[in-house]
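Worksheet: the structure to be examined is printed underneath.
Readers should treat all values here as calculations from the given coordinates under stated rules, not as data from a laboratory. Here the structure is a predicted model, which means the values were calculated and not measured. Glycine also receives a Cβ, built like all others from the backbone with ideal geometry; neighbour counts cover every protein chain displayed.
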Amino acid sequence: QQDLEVSSAARNWRVDVQQTASPSQLVNELFASDVLTLEQLKTRLSRSAYKSLQATVERGERLDASIADTVALAMKTWAMEKGATHYTHWFQPLTGSTAEKHDSFLNPSGDGVAIMSFSGKELIQAEPDASSFPSGGLRATFEARGYTAWDPSSPAFIVRHANGATLCIPSVFASWTGEALDLKIPLLRSIEALGKAVTPAMKLFGASEGTRVTSTLGAEQEYFLITEEYFYRRPDLVMTGRTLFGTKPPRGQELEDHYFGAIPDRVLSFMTDAETQLYALGIPVKTRHNEVAPGQFEIAPIFENSNIAADHQQLIMQILRTTARKYGLVCLLHEKPFAGVNGSGKHCNWSMGTDAGENLLDPGDTPSENMQFLFFCSAVLKAVDDHQDLLRTCVASASNDHRLGANEAPPAILSIFLGSELTDIFERIVSGEGGSAKSSGLMGLGSQVLPEIPVHAGDRNRTSPFAFTGNKFEFRAVGSSQSISFPVTVMNAIFADAVAQLTADLQHRIDAGAGFDDAVAGVVRDTYRKYQRIVFNGDGYSEAWHQEAEQERGLLNLRTTIDAVETLTHEKNLRLFNDLAILNERELVARQEIMYDIYFKTVNIEGETTEYMAQTAILPAAVTYLGELEQAGPAGRAVQGLKAQVSDLTDELYDALHTLHAVNEELGGEEVHEKAHHMRDKVLPAMQQVRAAADHLEKVVSAKHWPMPTYRQMLFVK
Ligand code: ADP
Ligand code: MG
């Protein structure tokens with residue numbers, strides 16, 4: 001009966017949904033219509049103010065503060081034309097989500113008169129009450145001041161709601177002592193570090209003076225949609241974003257009929273609506289399809305420079321969440337909302353590009369392009385091997401722990417998939433196939449000895465955490481709910497580190513008299529030799545690989561968030577971030593503290609919610625059913641058998657709850673890492689025991705008494 005009600009309610013979503021844009025509107029009017037692009041500003045600023053801003057945005061030159069008032073005025077006028085009444089510095093605190101505090105343009109000027117105003121000072125800097133954002137000890141509460149500052153390199157935009165609109169100004173967030181309290185500052189610093197490290201190498205390869213290099217990023221977002229009413233009837237989903245109970249339905253994803261299948265009408269309407277809003281925000285969404293698990297979907301934009309991509313990624317998550325509600329749906333971004341079916345990731349496709357549009361990880365089709373590609377590619381091998389710990393840590397969270405290493409997501413072990421052709425090329429270089437150094441494979445690179453490197457390598461491997469996919473690397477361990485900023489910061493940083501070392505090596509060989517081609521060949525050969533253990537083209541999910549990786553290759557296997565986060569402040573990592581001027585020691589220590597803290601709080605909330613639901617809903621349902629069986633009168637085998645089974649399981653649940661209650665009462669220590677350990681070692685296993693008994697009961701207790709929607713309903717009622 002309930003299912004019927006829910007599905008007929010679900011059908012009513014059509015009622016208040018507005019018409020979305022037509023194809024011609026899309027192209028002509030809609031795209032980036034809510035973004036204050038440089039082009040827009042050009043028509044609104046004086047020539048000199050525009051030139052100055054352009055230099056900051058396009059070439060990273062320091063902002064000339066004297067243009068702030070003019071820019072603010074132009075912004076305000078544009079925003080008001082778009083219907084905005086408020087503005088906000090839009091920033092990314094260490095919670096991983098975005099933050100905004102709206103201020104009205106309205107300014108009373110006495111005598112009941114008001115004007116709309118917005119000054120350069122207000123544009124450049126704001127001081128939100130920062131005391132409740134995580135700072136990891138960087139900001140004791142007595143000096144609880146932090147400020148946000150305009151990031152001119154990401155354009156301002158309008159966010160609309162039913163009753164108006166707000167001008168959002170992408171901003172960074174720092175303490176008054178200048179320390180980063182957000183995710184954007186280190187990302188911007190890492191982009192700079194990457195540029196600095198790559199430019200000298202590019203020069204050696206003959207790039208023209210002044211070539212700028214930045215990292216590029218395209219993130220594929222996976223998510224689940226469920227009917228809203230079910231969501232509200234699941235305290236676990238409301239409180240924690242994932243189901244803490246639920247048995248696998250009789251049908252999961254084994255039929256493989258969902259992946260790339262026809263998209264259900266309601267979902268497609270939702271997607272179209274979300275995409276229309278994203279287009280207006282200038283976000284180039286390109287791809288949409290069903291994912292592997294029932295109820296799971298994916299959205300992917302075309303790649304952009306990584307600062308913009310990170311801002312856009314946050315907006316994609318926000319729009320998915322808010323738009324789903326219009327269709328009677330809830331969008332779940334959690335990495336593992338349902339046990340037993342696939343979880344959700346956010347594959348980060350990463351590369352580097354020049355301002356002239358050259359992709360540095362594109363093999364190219366001339367010998368010299370090939371050489372440059374192989375040089376940068378070996379730097380990636382070195383970076384990933386040297387910094388396996390950092391790549392693991394930047395995707396570490398309580399929620400991603402349920403996904404990594406499960407049988408559907410990359411393992412916690414880092415390795416690189418190169419594909420057979422590229423691996424073959426490296427191996428030939430190492431073996432020197434083709435003769436002595438001068439006439440070796442590399443002299444003929446791209447011509448005789450080497451096969452042409454295909455732009456899109458034919459083979460694919462979904463089980464690798466870090467895969468070469470033709471002209472970019474795809475980091476697949478990133479979690480669906482997390483901000484991509486830190487993973488991108490880490491990729492930029494470790495690559496900058498590796499490329500600087502390889503460039504020094506190259507320069508050294510040239511200085512020692514080697515010809516350029518030989519010198520490059522030498523660097524590539526030696527780097528591959530040294531780091532080939534990180535290359536693995538096989539099945540990353542298999543048990544055999546876990547064995548081989550750890551025991552034979554000595555690769556790190558940091559299974560849980562706690563194992564990973566511990567490594568963040570190892571000497572090597574402190575030095576790396578400090579030398580590249582991305583995060584100093586205090587900033588890095590603070591981040592570690594916050595990661596422990598968020599882990600602890602997340603699992604703590606889950607532990608309490610598990611206890612609450614089991615105690616107040618599941619146990620009573622089991623007991624009620626048991627009572628009914630007791631009253632069933634003179635018992636035959638069926639009643640006797642059922643009674644015994646339900647009674648045993650109810651006792652099991654009761655005992656497990658007792659244990660969970662005890663560990664929920666404790667904290668495990670005063671220090672945040674002690675609390676985090678307590679959560680991992682005591683609370684999670686106790687939750688698992690409670691869940692095991694409850695899930696078993698779900699299969700036995702009368703459906704009439706079961707107190708919450710089941711997986712069958714949530715995943716299959718559309
Ligand atoms: P897939 O088959 O994995 O979906 P696609 O070619 O569709 O692969 O690309 C997936 C993502 O990779 C898209 O967001 C795309 O824009 C992005 N991508 C493509 N080229 C680059 C690049 N040079 N740098 C960063 N991301 C890129
Ligand atoms: Mg992909």
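Rounded to whole Å, the principal axis extents of the Cα atoms in region 597-716 read 58, 32, 17, largest first. When the Cα positions of Cys377, Pro200, Thr354 are compared along the charge dipole of the chain, Thr354 comes out farthest toward the positive end, with charges on each C-beta of Lys, Arg, Asp and Glu. Rounded to the nearest 20 debye, the dipole magnitude of region 597-716 is 700 debye, with +1 charges on Lys and Arg beta carbons, -1 on Asp and Glu beta carbons, and the Cα centre as origin. One quarter of the convex hull surface built on the alpha carbon atoms of region 475-617 amounts to 12.6 nm², the projected area averaged over directions.
How high is the relative contact order of region 597-716, in percent, with contacts defined as C-alpha pairs under 8 Å that are six or more residues apart?
On the way: 99 pairs, mean separation 49.2, N = 120.
Dividing the mean separation by the residue count of region 597-716 yields 41 percent.
When the Cα atoms of region 31-182 are aligned to their principal axes, the ranges along those axes come out at 45, 44, 32 Å in descending order.
Put simply, the Cα atoms of region 343-404 extend 46, 23, 19 Å along their principal axes, the longest span coming first.
Considering Cα pairs under 8 angstrom that are at least six residues apart, work out the relative contact order of the chain and quote it in whole percent.
Across the chain, relative contact order equals 15 percent.
Diffusion coefficient (Stokes-Einstein, Kirkwood radius over C-alpha pairs, 20 °C, 1.002 mPa s) for the chain: 77 µm²/s, rounded to a whole number.
Work out the length of the dipole vector of the chain about its Cα centre, built from +1 on the beta-carbon of each Lys and Arg and -1 on the beta-carbon of each Asp and Glu, and round it to the nearest 20 debye.
Details: 64 positive and 92 negative charges, 225 e Å.
That gives a dipole near 1080 debye.
Estimated translational diffusion coefficient (Stokes-Einstein, Kirkwood radius over Cα pairs, 10 °C, 1.306 mPa s) of region 542-639: 85 µm² per second.
Rounded to the nearest 500, what is the chain's calculated 222 nm mean residue ellipticity when only DSSP H runs of at least 4 contribute -39500 (n - 2.57) each, over all residues? Display every interim value, and only then the final one.
Numbers: 24 runs with 315 residues, N = 718.
Value at 222 nm, helices only: -14000 deg cm²/dmol.
Cross-link candidates for Lys699: which lysines have Cα within less than 21 Å, leaving aside residues fewer than 8 places away along the same chain? The reachable lysines, counting only those whose Cα sits under 21 Å from Lys699, are Lys248, Lys643.
Considering only DSSP beta bridges with both partners in the chain, what is the antiparallel share in %, to the nearest 5? So the antiparallel bridges in the chain amount to around 85 percent.
Residue pairs exceeding 22 angstrom between C-alpha atoms, taken from Lys382/Lys572; Lys326/Lys346; Lys51/Lys101: Lys326/Lys346; Lys51/Lys101.
Here the relative contact order of region 31-182, from alpha carbon pairs under 8 Å that lie six or more residues apart, stands at 27 percent. Listed from fewest to most Cβ neighbours within 10 Å, the set Phe205, Phe473, Phe516 follows the order Phe516, Phe205, Phe473. Plainly put, region 258-335 has a radius of gyration that is 0.95 times its Kirkwood radius, both from alpha-carbon atoms, as the Rg/Rh ratio.
Sort Arg476, Arg233 so the one with the fewest other Cβ atoms within 10 Å of its own Cβ comes first. All intermediate terms of the calculation are to be shown ahead of the outcome.
Values: Arg476 24, Arg233 16.
Listed from fewest to most nearby Cβ atoms, that is Arg233, Arg476.
When each of Trp350, Trp176, Trp150 is scored by the number of other beta-carbon atoms lying within 10 Å, the sequence from fewest to most is Trp176, Trp150, Trp350. Quick note on region 146-228: its Rg to Rh ratio, both from C-alpha atoms and Rh being the Kirkwood radius, is 1.12.
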